[in-house]
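Notes follow the structure.
The values are calculated or read from the model by the stated rules, or taken from the named source; none is laboratory data. Computed from a prediction, not measured in an experiment: that's the story for all the values here. In this analysis, Cβ positions are derived from the backbone assuming ideal geometry, glycine residues included, and neighbour counts consider all displayed protein chains. Heads up: the accessible areas ignore ligands, DNA and RNA and are worked out on the full protein's heavy atoms, side chains in. Shrake-Rupley method; radii C 1.70, N 1.55, O 1.52, S 1.80 Å.
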Amino acid sequence: MPATGGLVRPGRRAAADAGRIQLRGIAQVALSASPWTGLLFTVALFADGWRIGLYGLLGAAASTVAASVLGADRNGLAKGLEGYCGCLTGISIVVRFGASWRTALVAVLAGAVCSVLGAAAGRLLGRIGLPALTAPFCLVAGVLAIALPTAPAAAAPPAAGDGVTRLSAAELGHAFCDNVGQVFFLDRWYAGLILLLGLLVASRVAAAAAACGSVVAIAAACAMGLPADRISAGLYGYNAVLVAIALAATFLTLTAWTAGYAVLAALASVPFTAAWQAFAQPSGGSPFTWPFVVTTWLFLAAAPALDRPGLSFEKAK
Amino acid sequence: MPATGGLVRPGRRAAADAGRIQLRGIAQVALSASPWTGLLFTVALFADGWRIGLYGLLGAAASTVAASVLGADRNGLAKGLEGYCGCLTGISIVVRFGASWRTALVAVLAGAVCSVLGAAAGRLLGRIGLPALTAPFCLVAGVLAIALPTAPAAAAPPAAGDGVTRLSAAELGHAFCDNVGQVFFLDRWYAGLILLLGLLVASRVAAAAAACGSVVAIAAACAMGLPADRISAGLYGYNAVLVAIALAATFLTLTAWTAGYAVLAALASVPFTAAWQAFAQPSGGSPFTWPFVVTTWLFLAAAPALDRPGLSFEKAK
Amino acid sequence: MPATGGLVRPGRRAAADAGRIQLRGIAQVALSASPWTGLLFTVALFADGWRIGLYGLLGAAASTVAASVLGADRNGLAKGLEGYCGCLTGISIVVRFGASWRTALVAVLAGAVCSVLGAAAGRLLGRIGLPALTAPFCLVAGVLAIALPTAPAAAAPPAAGDGVTRLSAAELGHAFCDNVGQVFFLDRWYAGLILLLGLLVASRVAAAAAACGSVVAIAAACAMGLPADRISAGLYGYNAVLVAIALAATFLTLTAWTAGYAVLAALASVPFTAAWQAFAQPSGGSPFTWPFVVTTWLFLAAAPALDRPGLSFEKAK
């Protein structure tokens, strides 16, 4: 059905379809298929910087077009499942290497590779009932970050301190918003809030899960004594936000049990993120959203073996 | 059946059951389900240091209780299969971070995560007929070790020398015992001997396999020219001990073929351990028992493709 | 059937069979089963250095004999599938550690481990329809390279520059040949040409794919601004050569679609190789042919999900 009512010409209908797929591709970064969510996410990207918005759109379009050309599953394409990894890859490229014709070409090629890796992940993980999540993006972005170093790698990984980290109210607020914003590499607090609003438009449960994930991550990072500036920049919490959305609002049926299960997973993702950062830093790498991907895979894989309401995970596909 | 004969009240029976499961959880570190083995293992832990004994018991209890609360398989629970990863994780935490309320809380939470990862590993690996082994412990302990560095990482990995390493008789004796002891992070020779005794109580084959694995590892490490102090501290041999128990005494039927197969696997685990140590050291990590886990998985996966007596591996579940 | 016609005694026939299997084992490094290809490959090895030729033959023989002793599949044995990983492992040992009785023993034991890992890879990957490729070699050679460091690890990984790399005609020629030669660790241009000739003897498509893969890799490495001396030494292109042979000439039916698909995969393998080199360098490791293995696995796994002529991949086993 066309997005605009009334009489539309086929060309305009196709354009509307393409636009909807594009917006859904951006929404799928946070596991939503709503074009309205995608629209607000796009607004958040441009609010953080026009280059980020542009490369996000470019990457999503590149991987969607490549998937279409290669004959990928039409159904997943229409839901935006071929766009989100390209979108994140495009943003990761402009954030690290800047905007130029050369990086735009890299973003297009990387988006095309994302669509192949998405198909591979779908087949390999589909057998064991797990979703691909953002694994293709993490692989492509990680390879580019290590292959094309931009600066001498920092020598000392950020160490956890002995005591508990204390944050001011401003730092707390920044941390809460930036934990959401860093899902898209955004570091302005209002961009994080617009993303949260975008989640709310599609699902109150998803928005609540994201907010709770952010709070759990702040508590865990402070208890671990991680550096305050990195906590308030959202660097330890974006994986927890995604884990909470995936477990509590997307793949499992929400019960008190799955809520507690999601809290445990979000907690676990914080030291996982800190460890991955420390491990990847010497080679110029970054965890990207690997901690989210691996934590969610493991907790989803475990769920059917646990005999508690909501953990059966037959809902997901 | 109650462990103590005669008339027992239900509460006492439940306590006896819980105690038996706890001891079995500790015995399962060396792939045994005997509570007597677990009792001797616990004695060895306390002989090395009361903190190690305490955190071992705490970790095993935490992961067993978490598995029970989450509704994990009752059958595996009764065999102690939900305890061993938590036990090792607890010990790894106290050895690295010391004993305090904070590390005790970390041990409890880490034990809970171990029970989820155990369920995930069971489902993912069960499809391909492989056991989880200590993979959940290795993942959790590795993340904590890298996320919470305690000291500046050592710069130079221990290098293998050009010649063969020669050990004194005392060093040889230490290496033999500590190869067993380091399975539980123990570095006193008598603790290793008590562990070996614990194995002997349950199965003469397992004790003999452990002893042979230790000898093979010493020979391999000396032939590779690895540093004498690290060989005698058992740092290259604990994986070989576990590999030998797993292949020769647990998952394959013992024949001359499987004995030779286990020797090859134990041999292979020594450079694997040395490589993992060198690789993990700069980021403050440790191989833990990953080399045992991966070597055992690969040799078990290969076994049914090899047409020799004992290598069919249908015995295992 | 005997390779030499007429009346042959059984012993001579067995020797001829063993020789043919040995040559096929060396040919399988480039996914060919032709003994003539293997013969030319052996010539190339000796042309680069007699030690390399010797250790290549030794490693291939060791893993083939070990596989035969362990009762591996006779069919794969006859096709040389048990030889190629041992061959590469033997060469990697002599190139890094030199020729001596000690390294010869390591090559024999490593070849035996390769045959077990080959059986494991066959069973684990066979379920999901993927070939083992050179994964056993990469694992064994990687463990040895990190466990037995020969020199202090280089501090700075080779960085990609800002501009495009320009090569002289001589560098271009070297790069083209060495991209093929480095599949076997060879760094003389004529050795690479003999390898290409060996491919041509068995299949014109395979030789053309290798040549195209080499050209694509040079273009990609230059566009990325990678160092000219490493490009012309073939260090960024050997994975692209293997990827092109695997996708365009071995596992997929050649169509315009699969040719384009193979070009994309070969392109992707270049930053993957550069990233793996930068990542592995601090610990003394090397990517070996992991980038080829992982890229080919992912592109083969994706193929059946893509609805285009030639991508169905039912031809492979």
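Annotations
- Using distinct alpha-carbon pairs, which all enter the 1/r mean, Kirkwood radius of segment C:266-317 in Å: 12.5
- For segment B:215-295, the ratio of Cα radius of gyration to the globular rule of thumb 2.2 N^0.38 Å stands at 1.09.
- When B:ALA16 is represented by a point 7 angstrom out along its Cα-to-C-beta vector, the spacings to that point in the other copies are 7.6, 7.6 nm, nearest first.
- Calculated on C-alpha atoms, the gyration radius of chain C divided by its Kirkwood radius gives an Rg/Rh of 0.96.
- Prolate/oblate/rounded label for segment A:12-147 (Cα gyration tensor, a/c 1.5): oblate
- GNM on chain C, alpha-carbon springs under 10 angstrom: the most fluctuating residue among C:SER92, C:SER283, C:SER32 is C:SER283.
- Gyration tensor verdict on the protein assembly as shown (Cα atoms; rounded if a/c is under 1.5, prolate if a/b is larger than b/c, oblate otherwise): oblate
- Carbon-plus-sulfur accessible fraction, segment A:169-316 (probe radius 1.4 Å, protein heavy atoms only): 68%.
- For B:ARG166, the distances from its label point to the matching points in the remaining copies are 6.1, 6.1 nm, ordered from shortest, with each point set 7 Å beyond Cα toward Cβ.
- Among C:ASP17, B:ASP162, B:ASP187, A:ASP178, the sequence by solvent-accessible area, most first, with a 1.4 Å probe is B:ASP162, B:ASP187, C:ASP17, A:ASP178.
- Average partner coverage of B:136-143, which counts Cβ from other chains inside 10 Å: 3
- In the C-B interface, the accessible area buried, summed over both sides, Å² (probe 1.4 Å): 2300
- Global form of segment A:182-235, assessed from the alpha-carbon gyration tensor, a/c cut-off 1.5: oblate
- Position A:PRO304, label points 7 Å along Cα→Cβ, spacing to each other copy in nm (shortest first, one decimal): 1.9, 1.9
- Among A:GLY284, A:GLY198, A:GLY234, residue whose mean-square fluctuation peaks in a GNM of chain A (springs only between Cα atoms under 10 Å): A:GLY284
- Each residue of segment A:127-139 is assigned a 3J(HN,Hα), and the resulting list reads 4, 9, x, 10, x, 6, 6, 9, 4, x, 4, 4, 5 Hz, derived from the Karplus form 6.51 cos²θ - 1.76 cosθ + 1.60 (θ = phi - 60°), x at Gly and Pro.
- With protein chains left intact and a 1.4 Å probe, residues in the protein assembly as shown average 39 Å² of accessible area per residue.
- For the set A:LEU200, C:LEU57, solvent exposure ranked by accessible area (probe 1.4 Å, protein chains only) runs largest to smallest as A:LEU200, C:LEU57.
- In sequence order, calculated HN-Hα J values of segment B:70-82 (Karplus, 6.51, -1.76, 1.60; Hz; x Gly/Pro): 7, x, 6, 3, 4, 5, x, 4, 5, 7, x, 6, 9
- Per-residue Karplus couplings for segment B:262-270, computed as 6.51 cos²θ - 1.76 cosθ + 1.60 with θ equal to phi - 60°, are listed in order as 5, 5, 4, 5, 5, 4, 5, 5, 6 Hz, Gly and Pro entered as x.
- Between B:THR150, B:THR37, B:THR250, the Gaussian network model of chain B with springs among Cα atoms under 10 angstrom shows the greatest mean-square fluctuation at B:THR150.
- Put the Cα centre of segment C:184-252 next to the Cα centre of segment A:35-95 and the gap is 34 Å.
- Reduced Cα scattering model of segment B:169-316, Debye log10 I(q)/I(0), q = 0.13 Å⁻¹: -0.53
- Fraction of accessible area attributable to carbon and sulfur, segment B:12-147 (%, probe 1.4 Å): 69
- Measuring from each Cβ of chain C to the axis that turns chain C onto chain A, the shortest distance belongs to C:PRO282, 4 (residue, then whole Å).
- Inter-chain shielding of B:291-302 (mean C-beta neighbours from other protein chains, 10 Å cut-off): 4
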